[in-house]
1. Scanning segment B:237-260 for residues that are under 28 Å from residue B:159 (Cβ atoms) and either in contact with a Gly (Cβ under 7 Å, 6 or more places away or on another chain) or not in a helix (DSSP H, G or I) (or both), which turns out most open to solvent (accessible area, probe 1.4 Å)?
2. For segment A:175-198, how many residues are in contact with a helix residue (DSSP H, G or I) (Cβ under 8 Å, 6 or more places away or on another chain) and either closer than 16 Å to residue A:244 by Cβ or not in a helix (DSSP H, G or I) (or both)?
3. Looking only at segment B:92-113, count how many residues are open to solvent by less than 40 Å² (accessible area, probe 1.4 Å) and out of contact with any strand residue (DSSP E or B) (no Cβ under 9 Å at 6 or more places or on another chain).
4. Please indicate, with yes or no, whether at least one residue in segment A:274-292 is surrounded by fewer than 13 Cβ atoms within 10 Å (Cβ to Cβ), modelled with pLDDT under 95 and closer than 28 Å to residue A:5 by Cβ.
5. Could you figure out which of (1) polar (S, T, N, Q); (2) outside any strand (DSSP E or B); (3) touching a residue at least 40 places away in the same chain (Cβ under 8 Å) isn't true of residue A:47?
6. Residue pairs, Cβ under 7 Å, 6 or more apart or interchain, first in segment A:115-130 and open to solvent by 10 Å² or more (accessible area, probe 1.4 Å), second β-branched (Val, Ile, Thr) and part of a loop (DSSP other than H, G, I, E, B). List them.
7. For residue B:161, which of the numbered conditions (1) without any contact (Cβ under 8 Å) to a residue 40 or more places away in the chain; (2) open to solvent by 10 Å² or more (accessible area, probe 1.4 Å); (3) within 14 Å of another protein chain (Cβ to nearest Cβ) fails to hold?
8. Could you go through segment B:65-76 and let me know if any residue there is of a type in the set (Gly, Ala, Ser), over 22 Å from residue A:111 (Cβ atoms) and open to solvent by less than 20 Å² (accessible area, probe 1.4 Å).
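The values are calculated or read from the model by the stated rules, or taken from the named source; none is laboratory data. Note that the structure is a prediction, hence the values are computed from the model and not measured. A quick note on method: Cβ atoms are made from the backbone with ideal geometry, for glycine too, and the neighbour counts reach across all protein chains shown. Just the protein is used for accessible areas: all its heavy atoms, side chains included, with ligands, DNA and RNA removed. Shrake-Rupley method; radii C 1.70, N 1.55, O 1.52, S 1.80 Å.
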There are 2 protein chains.
Amino acid sequence: MSKNIVTIGGGTGSYTVLSGLKNFPNVSLTALVSMADDGGSTGALISELGVLPPGDVRQCLVALSEHTEVILELMNYRFNEGKLAGHSFGNIFLAALEKVTGDFAQGVEVASDILKVKGRVVPITKNKAKLAVTFDDGTAIEGESNIDHANFIGKKVEKIFYKDNVKISFHAALALLNADYIVLGPGDYYTSIIPNIIVNSFKETIAESKAKIILPINLTNKEGHTNDWKVSDYVRNIEKYLGKPVDFILVNNENPLPEQIEAYKTEVKGEVLVKDDFEDPRVIREALLSYTVFEAKKADTLKRSFIRHDSKKLADCINKIINK
Amino acid sequence: MSKNIVTIGGGTGSYTVLSGLKNFPNVSLTALVSMADDGGSTGALISELGVLPPGDVRQCLVALSEHTEVILELMNYRFNEGKLAGHSFGNIFLAALEKVTGDFAQGVEVASDILKVKGRVVPITKNKAKLAVTFDDGTAIEGESNIDHANFIGKKVEKIFYKDNVKISFHAALALLNADYIVLGPGDYYTSIIPNIIVNSFKETIAESKAKIILPINLTNKEGHTNDWKVSDYVRNIEKYLGKPVDFILVNNENPLPEQIEAYKTEVKGEVLVKDDFEDPRVIREALLSYTVFEAKKADTLKRSFIRHDSKKLADCINKIINK
């Protein structure tokens, strides 16, 4: 019988998980996507057109699309001239579909049809989701993009929350309740993982869900956010927000190539790799690393980490758990 | 056996012909589309991104698409806020596809696949096509959009031509040679009809083609361009450029409603309807008028005429000719 797998995250991490898992038979995939993104092309479309953030959804749709290679290239194509400069075509596509259908989630359904998506992509909420963080020194930051670029070092996060009432969408809740397995992450802790968990009624819904939770631990720490975090820090902090223990903790045991570490170090200072300090029967140690060196795309202003999970290795590992 | 029908024109006229004809069985449709358009959303994309004009192609793709209604709405959706204001989504879609595939015609093929297009849409040329007109008083106008908005009254057009070497595309020539019937127009004489005929090698190709040529005469005259033209003026002038006689001349014999004439008069002065003065055995007089009142869309800066052919009536008329 087909297993219902739900992934939770932002764009890049979910892309990796989904593009590996979609090749397995007997899995039914639903990607729950954070709606907190407000930077870059996505941010411009939100503020100019009043739409919900298309960027992360686009990446999940592309991951699950069974359309031709050229269509996937089209979805990720970024204009680099004129007034459209910086916009990815796929973001404009989703923004226009929201305008035409009058509803972001419905637009995503239509996009899924056009892109021959295997599975479903579901926004975690239908509400405008403005993320905020407060610190122990009394300061605060608003907006996902501002949080993403801020340096937290030297202060302690007191609270991460939404400015307004941001409620889990009906279809996202339904997916959690019907899930056999939930894959939480990988992804940036403060800007991709937690923004999903803190939507209203998420905690209550996942408390009711019988799904086993799989937690692929991030390979690297985000400079300024999670410097020096170890595996145990991720597990402890995520479980605190989640309100229940996770069932499987996936930890990579391969070493990156020296040039991967070098490339990564040009972007971030300090500790690079997440140290494996956690002795726990739920930990599964596997070779999960990609040896592909990613290059930042032209006209793509986002920073890209160069140490990533290999989507096939990660999917194989998840598949073994599912078929145990 | 299936009949090969080629339509020639710009956006609006071809849309009318194609959306009627696509419902008939046993016709294989190819739309040849002028590449002279350089105004509005299309013009902005040309000048900012260096692409070929998508606007008229978009209309033909939508006419022939068998996809859902919401997809067709999406293709015609015009943004009305922010930096994207004024752009139709479909134009951005075709521009991005040209960038991704590296070739406009190939981008149109991919678009046809996505949109489930019944038939083919073929740009008349692959070259940048900058239209120019010279007058008997020594003046000249460059650019389709400038020509479109100019008033010719009081002068005589000496020559309408392309500034550079603009050659018929291979696939457009092939379509003409394989055609059983060619439907030329309706459409603005100087900016939709003639721009197709004057591409290099068009005249030589149509001279070799055994296709019967069907000429649906425009219902109204364009103010400042073809004021007071009668049916015979259209036939005589088009045949001069074509280098051979047309085979069927379709003339409407229905009267517009008073409110249609009123609506039209708010846009143009002088003579509205094209007078039927032509006694010729090739003339077919039929009821071809649409009684739908078209409204100019918000954020759509193009002027729309309110007296149009009815696509079903026109298609029925063409179908009778084909099956005679």
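1. B:245
2. To start, the set of residues in segment A:175-198 that are in contact with a helix residue (DSSP H, G or I) (Cβ under 8 Å, 6 or more places away or on another chain) comprises A:176-177, A:180-198.
Keeping just the survivors that are either closer than 16 Å to residue A:244 by Cβ or not in a helix (DSSP H, G or I) (or both) gives A:176-177, A:180-188, A:193-194, A:196-198.
Looking only at that region, the number is 16.
3. As a first pass, look at segment B:92-113 and keep what is open to solvent by less than 40 Å² (accessible area, probe 1.4 Å): B:92-98, B:100-101, B:104-105, B:107-108, B:110-112.
Still in the list and also out of contact with any strand residue (DSSP E or B) (no Cβ under 9 Å at 6 or more places or on another chain): B:92-98, B:100-101, B:107, B:110.
Looking only at that region, the number is 11.
4. yes
5. Here residue A:47 meets the rest and fails (3).
6. Short answer, once both residue conditions are applied: A:127/A:166; A:129/A:166.
7. (3)
8. First, the residues of segment B:65-76 that are of a type in the set (Gly, Ala, Ser): B:65.
From the residues that got through so far, the ones that are over 22 Å from residue A:111 (Cβ atoms) too are none.
No; the residues of segment B:65-76 include none that is of a type in the set (Gly, Ala, Ser), over 22 Å from residue A:111 (Cβ atoms) and open to solvent by less than 20 Å² (accessible area, probe 1.4 Å).
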